[in-house]
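Structure record follows, encoded as C-alpha cells.
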Amino acid sequence: MKKIFQAKVLLLVMFSLILFAVPVLAGVTTNSVLNNDVKIVPSESLTQDINSIAVEKISDKLSTVSHWQTSDFKPTIKFTTLNTTDVVAYVDFEFKHKINYKRIDEDPVLKGKIKYKNQAKNLSSDKAKIVDKDISNWADKIKKYMNESQDGAIKTKVSAILNPDGTINKSSVRIEVVDAVEKEIPLDSYFIARSAEDIENEACQAMNSSIIQNTLTSQYNRSWAKTYITTYTSNATAACRTGSTTKQNSVYYNLSDFPTWYVCNDCCNYVSQAFNCGGVLLTSTWQPYTSAWINCNSFISYHTGASNIQASTLANMSEGDLITYQSGGSYYHIVMISYKDSYSTKIGAHTTDRKNSVFTGSSSNNYWHVIF
C-alpha cells in the first residue's frame, strides 16, 4: 500500500512538472494554425520573436510619443498565417505605464493652463477660483499618473517574412495597430508625435474657451463614469458572431442592472450606462432601452439638445467625455474616454469591447465634451 501511495505521489509530481512546463512563454497565450488541413504549432522561438519585436516597437512608440514608461506586457498571440515563408499574428497586449516626467512642471497642459491664468485679465473672483481649481485638479491627476502605474491595452497585427531556417526576417516586419473599429493602421501612422509647445498653446486656448462658455463647472461625476466604463468590459478577442471582426465578451457586462445587451452592436447601450452612472438624469426619451439610449445618432441628437454635451476637440477632452465614429454623415460607433493626459488618451467601449485601450484619433472621429 505504501509503495502504491508513493507511486501515485511520483506520478502526481511528474504530471505537475509537465503541466507547468507546457507554456513556452510565461504569461503568453497563443494558438495553432490550420494550413492546408495540417495543424501547425508555432515554435517557442518564433512566438518569442513575435512577442519581443512587438513589445520593443510599441514600448518605444509609447515612450517617445506618449511619454510613458511601460512595463509588465502581457500578450495574447493569435497566429492567422504560418507557413514556410510568411507569418501573420494578432498580438493583444495589456500592460502598465506611468508618465515619464522628472518634474510635474514638464507637463505641457499644466503649463498651458497656468499661462492662461497669468495672461487672463479682468477675471471675476468666482472665475479665478474656478481656474485655480481646474489647475489644481489637473496637477493632482498628473502627479497620480506619474507615481501610480495605470492599466493600458493595445491590439496589434504583426506580419513578417520568414528566413529559410524559420526565423523572422526582421527587416520585413510590419506592425499595425487595430483601432476601436477593427481598422488596421500602420504603427507609425497611428502614433504621431506632437510638440510640447503646440499642446501647451492648445491647452491655453481651451482654457479660454471653457471660461467664455462657462463649461469648467459641471454636475457630472467623471470619476464614476470612468470607473463604470472600465469595469464592465474587457479586451475581448472572440468574435461577436461567426464571420464578424467585431469582438465581444458579455461575461463582463453588468447584466444584473442592465440585462438587455445587443450582439455585435452594444456600444451606445454601454456608453449610456456609464453616462447615467456619471449622474446624467434619465428621462422619458433617454432611458433603457429607448432609441436615444441604444442608437448613436439619437444619443448625440438628444444630449446636444438637452445641453448635456457639446462638440469639442480632443485637446479639450477629459475622462468621461465621449468620442463618436462617423461615416457618410452618420455616427456608427461611440466610446468613452477612460484616461487623458497631455499626450495620450485611452478609451472604454463595447463591440468591439475595449478596456483602457490606447486611442489617437482620426478624421472619422467627433469629440463631445460633457457640460451637464
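Strands (runs of 3 or more DSSP E) fully within the stretch 49-168 that include at least 2 residues being of a type in the set (Gly, Ala, Ser) and closer than 24 Å to LYS355 by Cα: 150-161.
Of everything in the stretch 298-336 that is of a type in the set (S, T, N, Q) and more than 22 Å from the chain's Cα centre (by Cα), the residue that is surrounded by the most Cβ atoms within 10 Å (Cβ to Cβ) is ASN308. If only one of ASP341, ASP353 is modelled with pLDDT of 95 or more, among the acidic types (Asp, Glu) and within 23 Å of THR64 (Cβ to Cβ), which one is it? Matching residue, one of ASP341, ASP353: ASP341. In the set ASN295, ASN249, ASN269, only one residue is of a type outside the set (Val, Ile, Thr), open to solvent by less than 40 Å² (accessible area, probe 1.4 Å) and at negative phi; that residue is ASN269. Annotation note: Cβ proximity below 8 Å between a residue of the stretch 43-65 that is closer than 10 Å to ILE168 by Cβ and free of Cβ contacts under 8 Å to residues at least 40 places away in the same chain and a residue that is surrounded by 17 or more Cβ atoms within 10 Å (Cβ to Cβ) and not aromatic (Phe, Trp, Tyr) (sequence gap 6+ or interchain) occurs for no pair.
In the stretch 272-288, which residue that is in a loop (DSSP other than H, G, I, E, B) and within 24 Å of the chain's Cα centre (by Cα) is surrounded by the fewest Cβ atoms within 10 Å (Cβ to Cβ)?
Within the stretch 272-288, the first condition is being in a loop (DSSP other than H, G, I, E, B), and the residues that meet it are 278-288.
Imposing the further condition that a residue be within 24 Å of the chain's Cα centre (by Cα) reduces the set to 278-280.
Details: GLY278: 24, GLY279: 16, VAL280: 21.
Filtering the stretch 272-288 for residues that are in a loop (DSSP other than H, G, I, E, B) and within 24 Å of the chain's Cα centre (by Cα), the one surrounded by the fewest Cβ atoms within 10 Å (Cβ to Cβ) comes out as GLY279.
All of ASP151, ASP92, ASP107, ASP86 fail the test of being over 23 Å from ILE175 (Cβ atoms) and either open to solvent by 70 Å² or more (accessible area, probe 1.4 Å) or touching a residue at least 12 places away in the same chain (Cβ under 8 Å) (or both), apart from ASP107.
Of all residue pairs spaced 6 or more apart or on separate chains, those with beta-carbon atoms under 9 Å, a first member in the stretch 357-372 that is under 19 Å from SER272 (Cβ atoms) and a second member that is of a type in the set (Asp, Glu) are TYR367/ASP321; TRP368/ASP321; HIS369/ASP321; VAL370/ASP321.
Checked across the stretch 209-219, the condition of being out of contact with any Ser or Thr (no Cβ under 7 Å at 6 or more places or on another chain), open to solvent by 50 Å² or more (accessible area, probe 1.4 Å) and either in a helix (DSSP H, G or I) or at pLDDT 95 or above (or both) holds for at least one residue. Applying the criterion of being part of a loop (DSSP other than H, G, I, E, B) and open to solvent by 50 Å² or more (accessible area, probe 1.4 Å) to the residues of the stretch 224-246, the residue that is nearest to PHE93 (Cα to Cα) is THR237. Of all the residues in the stretch 170-194, those that are part of a loop (DSSP other than H, G, I, E, B) and open to solvent by less than 50 Å² (accessible area, probe 1.4 Å) number 6.
The values are calculated or read from the model by the stated rules, or taken from the named source; none is laboratory data. Small disclaimer: the values here were computed from a predicted structure and weren't measured. Glycine also receives a Cβ, built like all others from the backbone with ideal geometry; neighbour counts cover every protein chain displayed. The area values use the complete protein model at the heavy-atom level, side chains included, leaving out ligands, DNA and RNA. Shrake-Rupley method; radii C 1.70, N 1.55, O 1.52, S 1.80 Å.
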